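Derivation of every value follows stated rules applied to the coordinates shown; laboratory data play no part. Bear in mind the structure is a predicted one, so any value in this text is a computation, not a measurement. Using ideal geometry, Cβ is built from the backbone for each residue, glycine included, and neighbour counts are taken over all protein chains shown.
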Amino acid sequence: MLKLIDSFAKILGKTVYRIGRISSWALVLLLLTIIINIVLRYCFSRDMIALTELQWHLYGVVVMISLAYAQKEDAHVRVDLIHRYFSPRTKFLIEIFSLLFLLIPLMIFIFLEGIDFTKESFRLGEKSPAPGGLPWRWIIKAFIPIGAILLIINSIARIIRLSTGNETTDTKSNPTD
């Protein structure tokens, strides 16, 4: 049974990893959008509202998707100054507590509110108020619940991996070393 649970956690982790890697291409699109916008603005004195808004949307996608990916890769911010002095058992308890009682409940709230936020935007046919702006604002808003659910999924996988002993709470690298 423990092996089955661990396999499930690995599948969840790999899913988050793959989604993170695929969505990293949004950074390439973001870079191209910024370059095109700069060339249009400074070489041709032409400003495109849609390109500027696309930049904001791509930033939003990258941030929301990369949260779960950063957690999966242990690349998130942690207070290592204090963390490194704790025993492995204390680190384990803090990690489990923070995931179960802080991160997951917060992400459930964000997920539920994000769903309502997205549905309302879709219902209203919300679009950019700027002339020449982007339509379908609900698409970018949909990344709020998507990012939250990915973080929930990865948090559950992390709890399982920590509980089965297949992952530790030690950081992979210490920038002060």
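Worth pointing out:
- Scan of the stretch 97-113 for residues that are free of Cβ contacts under 8 Å to residues at least 60 places away in the same chain and surrounded by 15 or more Cβ atoms within 10 Å (Cβ to Cβ), ordered by number: LEU103, ILE104, MET107, ILE110, PHE111
- Counting only residues that are free of Cβ contacts under 8 Å to residues at least 24 places away in the same chain and either closer than 21 Å to LEU12 by Cα or of a type outside the set (S, T, N, Q) (or both), the stretch 114-138 holds 14 of them.
- Any hit, the stretch 38-58, residues being basic (Lys, Arg), more than 27 Å from LEU162 (Cβ to Cβ) and assigned to a helix (DSSP H, G or I): yes
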